[in-house]
Every structure is written in structure tokens, then in C-alpha cells.
Amino acid sequence: MEYEAVIGLETHVQLKTKSKMWCGCANDFGAPPNTHVCPVCLGLPGVLPVPNEEALRLTVLTGLLLHGEIPRHAKFDRKNYFYPDASKNYQLTQYDQPSTAHGHVDFEFNGPGSTDGLARVRITRAHLEEDVGKLTHFDRHSGVDFNRAGVPLLEIVSEPDLTSADMAHAYLNTLTEILHQGGISDCDMEKGMVRCDVNISVRPKGTATLGAKIEIKNMNSFSGVRRAAEYEIARQIEVLSQGGKLVQSTRRWDDVAGITEEMRTKEHAHDYRYFPEPDLMPMQPADDWIAAVRTRLIELPLVRKQRLMRDYQLPAGDAEVFRSNVELGRYFESIAKQTKSPKTIANWVINNLQAKLAEENSRIHQGQAAEQLENPQSAIRNPQSEPLTLTDLRFQPAALLDLVALVENKTISNSAAQTVFAEMFATGQAPAAIVQEKGLAQVSDAGALKKFCDDALAANPAAVADYRAGKLAALNSLKGQVMKLSKGKANPALVGEMLERKLKG
């Protein structure tokens, strides 16, 4: 019997707020343990929570970014459970009436479940809750850091629309890209800002009834999600193929061993004894409040990529660069709107400008590291240690248009243009001024080109004989000799034409 996988994901994302969800403690990663805590986030008796309005805005903004609905009535509930990292022994969360509902994520994917290279996963809801503390396990004891407790956490629950580990990986990458570019979260997985629970079941292919749902908890990398899903799908299929039975359970992923292990079985919503939070009023967002949140919407990354390909006839690879690097894409568009050669501009922005910025920032980073070794405080105080951005460029975007024009009208060669760009980047000097100062203009004068060609032909009789014997590649060798004699200034197109005339004549 053939089986198919059914996968749903619960993605937990820390929101980008300055303070925690219910108190004024800083939402700041990396502080010494238990220094960003207070009676509220520690759950001491008699404290009262006060909602973080920015967290509410970001939750609704997420719903809008994911094409969701914004219910006019939402509330918080208490989810009761005991665990050492939950100091209150309950979690404040939205359960049956969340701040956003439904929606979908469209993403690029080639495989089962896609159409013309695109797939869609429906979103059940995105509900707001609070994060818990962080446990650190040592040889004989464990420590708990409550700095993270109370940080606003958004749980984005998908429908079981995913059919493979690769599809889950592609969905997660697109989802976090939307959230990061939308200002919802920094989505830094190394700082624990994104975690994922993976719900997997398998069923006989072609049937509609779902199999037993098995959840893999607290995945902290997308590559881990893919590996865990691949293993778990194969494990479940093997159990069923051998006549075994699967029961609803929760498992953990052992990344070193590459296996899932059972933690507990048959966990249901009623086990948490949900009830409405008595210290928080239900929320009823007003039209003008939602309208203000709507002004923060961005163009979705996939929509931007498709528009760049359509409006500027860019290949997918170029559009993908501008999809992931929003500022670079804006820089490109500010220039491309003024030219009939957007592809040429894209080449310069991606292959030259982006590469040069990366090169300079690598040099700055290496210098900063060396300086910090000598004096741990000096590089921190040095403003020159800050990475370069597009706003730091010494030349205006229009200068890139001028440079492209110099190449297109044959004033300079492509190789000379590289020299001009490097000087522009370093000094901010205008392209035409650099060409004049360094004498980089192409030689197109017929008399001067004739002299270079004659000298090259006279000095290379073997290449001349090869060409006349039918070895047409010899022409390139002769062109190279002309360019050498002219120190790279001869117009290569005119050189080629003149050499052919002379060789055939």
C-alpha cells in the first residue's frame, strides 16, 4: 500500500517590541540571566497584566500580511500547565477567539502540491501569547532564565496543506521572510526568535481520513524541520506497513542521532483546562485603529519579485536578489525607471555595487577584529567600524546611469568601465571626469586604429597565416595583440572589422 504525508506547522515567532507583553521589562536578547524580570513576568501573587499595544498592532499586521481576517472580538485565555520555565504555572494565550484568523501564504515550490512552480498553504489563525523562560541543563542540575518569560510570542498555525519535508522547508522560509521584511520580528533563529512544532500524520494514498497526529516539539532550525519530517514520515509508514498502530503523541527530535523520540501520548486541548483570563478585558479593535495598522503593510517579497520580472523584464535570478535585499531593490528601481536598459543596470547593481559593498564590509570587519584584539574598546568607539550601506555611497545613483551611457555610446570599453566604477566607489568622482583624468576613452579614430592593426599583423605572421588557412579563431589572437598595443583603449568592435578587411584584402 502507498502512503502519503499530511503536515501542519505551528510557527512561534517573537515579536519585535521594546518591552514584554504584560510589563515594562525590556525585550532584549543577551542580558545576564534573570536581570529583565519583575513581579509581573515572574507571576508573583497579586500582579495584574497590562497588554502591550505594539504587540497587538504587530499581530493584526501579521494577519493583514497573510491575507487573513481581523475578528472584531478577541480575548485571552489561561492555558494551565506546570513546567519549570513557566513561573505562573499557566500561559496567557489566545485560544478560541484570536486576533487574526484564516489567511494563506503563497510561495515558490516545485513538487507535489504545487502548480506552475507555486504553492499555497492556508493559515488557520495567528494568535498572540507570551513566551516562557529558558532552561539550561547541566550535569547534575538545571538553571532557568526568566528574561524571555513574558516576551510577546505569535503562534502561526497552518492548515495541514503540506505534503513533504521540502514543502515545509520552503513554506517556513517564505513565512519568515514576510515577517522579517514586514517588521514583525527579526526572525533570528540563533536567538530563539523562531521555533516550530511539526504535526505529521500519514494515510493511505487517495484517502481523505487523517491518520494519528504526531507532533514534534520545539524545532529551532528549518533544516532540522526538514530532517525530522523526513525521518518521521518514514518511521510512521514503516509502523503501518508492518501492521502496527499509531497513536496521537508528542515527540522530540534528536539532531545528533537523527531520530525522533516519544515524550508523551494523547495530549488534547481539554488537558490544559482553558478558561478566559479574568484580568484582561476582551479586545474590540476600532476601524480607525485597524486602518492605522494597515498603513504599515509592505509589498510581499514574492509579489515584488514577480513585478520586477514583469515590469523590467529581469530574469528570475536578478529579481530574486532584489526580493531578498529590499534596499538594493529600491536602489535599482530608482535608476531603472530612468533608463531603457534595466537589465544592464541590474548587472551593475548586483555584480559590481553589491559585490563592492560586501568586499569593503569584509575588510572593515577584519580590521575591526584586529583592532579589538589590540584594544578591546577602540573599535567600539570608532565610527569607521560601522558597516557600509547604500546611504554611505560617495556617488549619486545618476552617476551609474552616466557610466552605463559611456559604455553604450562606445566612449569606454567594458574593462575600462570597471576601472571607472572602482574610482567612483572610492572617491565619488563623476564617471566622465575619471575617464578624462585617466585617459580611458576608447580609440575609435580610423588612422590610429589602422596603425595598431598594421603593427599587430606585421608582428604576428603565424596568426595571419592561420586565419587565411581557415583557422578563424586566430582573429581573436590578433585582436588581443591590437588591444595590447593600444593599452586596452582601442574600440574592439572597430578593431575586429578592420582586421577582417585587411586579412581578406
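A count restricted to segment 445-459 and to residues that are at pLDDT 80 or above and surrounded by 18 or more Cβ atoms within 10 Å (Cβ to Cβ) stands at 4.
Does E238 fit the bill of being part of a helix (DSSP H, G or I), in the same structural domain as L162 (by TED's automatic domain parsing), crowded, with 17+ Cβ neighbours inside 10 Å and not aliphatic (A, V, I, L, M)? In short, no. Can you confirm whether I335 is of a type in the set (A, V, I, L, M), assigned by TED's automatic domain parsing to the domain that holds G8, outside any loop (DSSP other than H, G, I, E, B) and surrounded by 12 or more Cβ atoms within 10 Å (Cβ to Cβ)? No.
Residues in segment 354-361 include none that are hydrophobic (A, V, I, L, M, F, W, C), in contact (Cβ under 8 Å) with a residue 24 or more places away in the chain, outside any helix (DSSP H, G or I) and in contact with a helix residue (DSSP H, G or I) (Cβ under 8 Å, 6 or more places away or on another chain).
Is it the case, given these coordinates, that R140 is touching a residue at least 60 places away in the same chain (Cβ under 8 Å), more than 25 Å from E177 (Cα to Cα) and loosely packed, with under 14 Cβ neighbours inside 10 Å?
Here the answer is no, as R140 does not meet what is asked.
All of (1) surrounded by fewer than 14 Cβ atoms within 10 Å (Cβ to Cβ); (2) at negative phi hold for L56 with one exception: (1).
Answer yes or no: is there a residue in segment 466-476 that is among the basic types (K, R), surrounded by 12 or more Cβ atoms within 10 Å (Cβ to Cβ) and closer than 23 Å to N414 by Cβ. No, that holds for no residue. For segment 92-102, check the following and say yes or no: at least one residue is under 30 Å from A170 (Cα atoms), assigned by TED's automatic domain parsing to the domain that holds T163, hydrophobic (A, V, I, L, M, F, W, C) and modelled with pLDDT of 95 or more. Within segment 92-102, one or more residues are under 30 Å from A170 (Cα atoms), assigned by TED's automatic domain parsing to the domain that holds T163, hydrophobic (A, V, I, L, M, F, W, C) and modelled with pLDDT of 95 or more. Tallying residues that are of a type in the set (V, I, T) and either in contact with a His (Cβ under 7 Å, 6 or more places away or on another chain) or part of a strand (DSSP E or B) (or both) within segment 143-171 yields 3. Reported count of residues in segment 284-304, each being among the aliphatic types (A, V, I, L, M) and assigned to a loop (DSSP other than H, G, I, E, B), is 4.
The values are calculated or read from the model by the stated rules, or taken from the named source; none is laboratory data. Keep in mind the model is a prediction, meaning the values are calculated, not measured. No Cβ is skipped: glycine too gets one built from the backbone with ideal geometry, and neighbour counts run over all protein chains shown.
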